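Colleague: Dropping a structure here in structure tokens format, bear with me for questions.
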Amino acid sequence: MTDRVHQQSRTEYQIRINGRAVRWFSLFTNEVMEHYAEVCADNQGEYVDIVSVRTEILLNQGSYHQMKRHFSQA
């Protein structure tokens, strides 16, 4: 049996150039702003932005088994 990483909801911050992520951060800190300034300076004339990307677990295997038990009772 292999170790499995428990997935969880999280937020990631991305610096993007023309909609394409080029750098990723787990926290929004001054470091993000420093990298953003560098990317803007290196890519003048391009659209550079910072976005917050949220990953939220809506269903997991546990909720699947609950639904399966519920519907098999019908």
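Colleague: Which numbered condition in (1) of a type outside the set (S, T, Y); (2) touching a strand residue (DSSP E or B) at 6+ places or on another chain (Cβ under 8 Å); (3) exposed (fewer than 10 other Cβ atoms within 10 Å of the Cβ); (4) at pLDDT below 95 is the only one that R10 fails?
Modeller: Condition (3) is where R10 drops out.
Colleague: A follow-up question, please. Only one residue in R23, R16 is surrounded by 10 or more Cβ atoms within 10 Å (Cβ to Cβ), in a strand (DSSP E or B), touching an Asp or Glu at 6+ places or on another chain (Cβ under 6 Å) and not aliphatic (A, V, I, L, M), so which one is that?
Modeller: R16
Colleague: Additional query: For region 47-63, how many residues meet the condition of being surrounded by 10 or more Cβ atoms within 10 Å (Cβ to Cβ) and farther than 20 Å from E12 by Cα?
Modeller: 2
Colleague: Also, I was wondering about something else. Looking at Q44, is it more than 17 Å from the chain's Cα centre (by Cα), among the polar types (S, T, N, Q), assigned to a loop (DSSP other than H, G, I, E, B) and loosely packed, with under 10 Cβ neighbours inside 10 Å?
Modeller: Yes.
The values are calculated or read from the model by the stated rules, or taken from the named source; none is laboratory data. In this text, all values refer to a predicted model and were calculated from it rather than measured experimentally. Positions of Cβ are backbone-derived with ideal geometry, glycine not excepted, and every protein chain shown enters the neighbour counts.
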